[in-house]
1. Where both partners of a DSSP beta bridge lie in the chain, what percent of those bridges are antiparallel, to the nearest 5?
2. Check the straight Cα-Cα distances from K124 and name the lysines below 18 Å, setting aside those fewer than 8 residues away within the same chain.
3. Given the options H6, L154, M295, identify the residue whose Cα lies farthest towards the positive end of the charge dipole of the chain (+1 on Cβ of Lys, Arg; -1 on Cβ of Asp, Glu).
4. Could you name the aspartates and glutamates in cross-link range of K208, using Cα to Cα under 12 Å and dropping any fewer than eight places away on the same chain?
5. Are there GluC sites (Glu not before Pro) in the stretch 43-146 that DSSP marks as loop and that have at most 13 other Cβ atoms within 10 Å, and which are they?
6. Using Cα pairs under 8 angstrom and six or more residues apart, how large is the relative contact order of the chain, in percent?
7. Give the label of the value calculated from the structure for Rg/Rh (Cα atoms, Kirkwood Rh), choosing from (1) 1.01; (2) 0.97; (3) 0.95.
8. At a 10 angstrom cut-off on C-beta neighbours, averaged per residue, how do the peptides 5-15, 276-286 rank from highest to lowest?
Amino acid sequence: MNRICHLFGIRYPIIQGGMVWCSGWRLASAVSNAGGLGLLGAGSMHPETLREHIRKCKQATDQPFGVNVPLMYPEIESIMKIIVEEEVPIVFTSAGNPKTWTEYLHNAGIKVAHVVSSTRFASKCEEAGVDAIVAEGFEAGGHNGREETTTFCLIPAVKRMCTAPLIAAGGIMTGEGILAAMTLGADGVQMGTRFALTEESSAHFTFKDRCLRLNEGDTVLTLKQLSPTRLIKNDFYKQVEEAERKGASADELRELLGKGRAKKGIFEGDIFEGELEIGQGASMIHRLQSVNEVMKELVEDYNAALRRTQETCAL
């Protein structure tokens, strides 16, 4: 049996990324009900808001689901306490040291996966005893690794040095992409952008509509002095580009970014002044679908690609 399916108790080794302002209970429960693993995005939720979403998710699905927690979250202790109190079975952590919370979560019977962008951090995950590693290439949207390593280079590198179940992320949008990732050594995939652009995503329709009209090259990794972030090129991005061209300091860029910029863009739909976080793969998607439609398409396309490979690609 597939290691990721066995670990999380799911039908398909497909995890929906826990994205800020996109991943509420409607999206997470829909993915879990369709056979994948839905994740709530705690990074854009106050602690009690997260509790509400956990409880609504439990009412909407009897399948496993989890919570994604950026470890740089300012109210991390409250978030982790709520996760334990509400008996969430799975936690994906990111943006921090996996040793900090893995033992605490394990002691509560919670399975832990951690997101990394390099083999160095993957090794730290193994030392911390995480249950699975998410290796994310820099094609991914939002906050990203400084190494700018692509998914196709990162997955085999992590596979060579780690024994934990491996989840590929970054630029995976199709069944063919899932097959490619698993051929390189992944046990499963995490997909953010594909699920951000579904009917159940809590992102604003205007944001989704803008993403569905992107071409390749319309996103860029920027804000590297703060935290590398993949954004759509819009008016806000042009302000960042101009500031960086003039040699702006990290403090000046932080002031330009301000607070709530991602919420303004993704959740409120300001596609001009908002921070529009999305992955490169958005340029491959041009219509809004339900989660059920997406999952069905992914599985069918994966199986079709597998048959084609078996029939035509022997060397």
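1. The answer is about 20 percent antiparallel.
2. By straight Cα distance, K124 reaches K99, K111, K159.
3. The Cα lying farthest towards the positive end belongs to H6.
4. E199, E200, E268, D270, E277
5. Passing sites in the stretch 43-146 are E87.
6. Result for the chain is 17 percent.
7. Among (1) 1.01; (2) 0.97; (3) 0.95, the one calculated here is (3).
8. My ranking of the peptides, most packed first, is 276-286, 5-15.
The values are calculated or read from the model by the stated rules, or taken from the named source; none is laboratory data. Predicted model, so just to flag it, every value in this text is computed and none were measured. Cβ coordinates were reconstructed from backbone atoms using ideal geometry, including for glycine residues, and neighbour counts include every protein chain displayed. To get the accessible areas, we keep the full protein, side chains included, count just its heavy atoms, and leave off ligands, DNA and RNA. Shrake-Rupley method; radii C 1.70, N 1.55, O 1.52, S 1.80 Å.
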